[in-house]
Amino acid sequence: MFSSTNLIIGVPLLSSLLASVSIGVAAAPSQQLVQQPFDHDAQILDEGASAGGTPVSKHDIIASNDRVNVSLYVMSRCPDARLCESVFQQVLHADGILDKINFDVGYIGTPNKTEPLGVTCKHGPLECLGNAHQLCLFNHLSISDYSAIVDCQNYPSSFPKDIGTVESVKGCVETVGRNWEESGVGACIEGGKGQKKKKKAADKEAEDRLAEDHRRQDDVPIYDKQTKKNKDKGSDPEYKLGKEARKLLKENIQATYDKGISTSCTIDIASTIVKGGQRRCVVDGGVWRGCDDGHTAQDFIRVIEAEYKNLQNDKAFDSASD
């Protein structure tokens, strides 16, 4: 049921791009969006920015009225998100589509101050980490790179086993040909060098204390147990996510939660054509639901093209009236 200007999808990305998609209308230059290392106030550049394109503020893009706003709402370890993303990746790579949409992604979870990361995720702590990892990709890379890396993570038959591990996201970043450190993704996910040094020093201090306890007590079993406990603590989600990634995760999940979106994947397309102002399509339990306009890549492309054309017509009419 595609209605108005927003398209929402809730899912991680498989062979396509994302699973939950929200589409809305917004204005911006007709160039493909490229998200450069981003610090909330940073800029998003179009795909041609590296070749001299003009930087455009992310907030200016979202506030514009010339493009169709598309937002994807997903869960990184959700099979339904994987299905949606496999379809939507084709949409994002269709000729000219990135020139006509403002694309955003939202991850689904529940704000929870009692959790180490400040949120609870349906498929466990690893999904929270996976969500954060993909948000770092989205905020530091172009949409096409983000899509390709999520697709890489979704591709293995072992999915979602490795989603949420640094090895998975880092391997796919390198597979797509992006630099883990220079892109800013590494620092976003793992934290700055200062944080790493502090943690390393703290871990060494803890190890030294344990070793001293071992020497005093001459109790190898206890030492081994304590050492294992210390190492296990180091693998806790709280210790493996950088400050920026945690902030992105909490803010993004809070925003999705506030919108009442809980199904991955959910696709919303803001509309100026359909009554109600929104077109919605959901994948739940492997079944597409409420997709009145269809749920193939070509169906989504057709809807976006129609919404974009209507926006341009409205703009021309407004200009003529003035």
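Here are a few things to note about the model shown:
- Only residues that are out of contact with any helix residue (DSSP H, G or I) (no Cβ under 6 Å at 6 or more places or on another chain), of a type in the set (G, A, S), touching a residue at least 24 places away in the same chain (Cβ under 8 Å) and outside any strand (DSSP E or B) were counted across region 245-270, and they come to 2.
- Restricting C136, C172 to those that are within 14 Å of the chain's Cα centre (by Cα) and touching a residue at least 12 places away in the same chain (Cβ under 8 Å) reduces the list to C136.
- Within region 148-195, being of a type in the set (V, I, T) and in a loop (DSSP other than H, G, I, E, B) holds for I163, T165, V176.
- Of residues in region 229-253 being acidic (D, E) and more than 18 Å from T110 (Cβ to Cβ), the one modelled with the lowest pLDDT: D232
The values are calculated or read from the model by the stated rules, or taken from the named source; none is laboratory data. Because the structure is predicted, anything quoted here is derived from the model rather than measured. Every residue, glycine among them, receives a Cβ derived from its backbone with ideal geometry; neighbour counts consider all protein chains shown.
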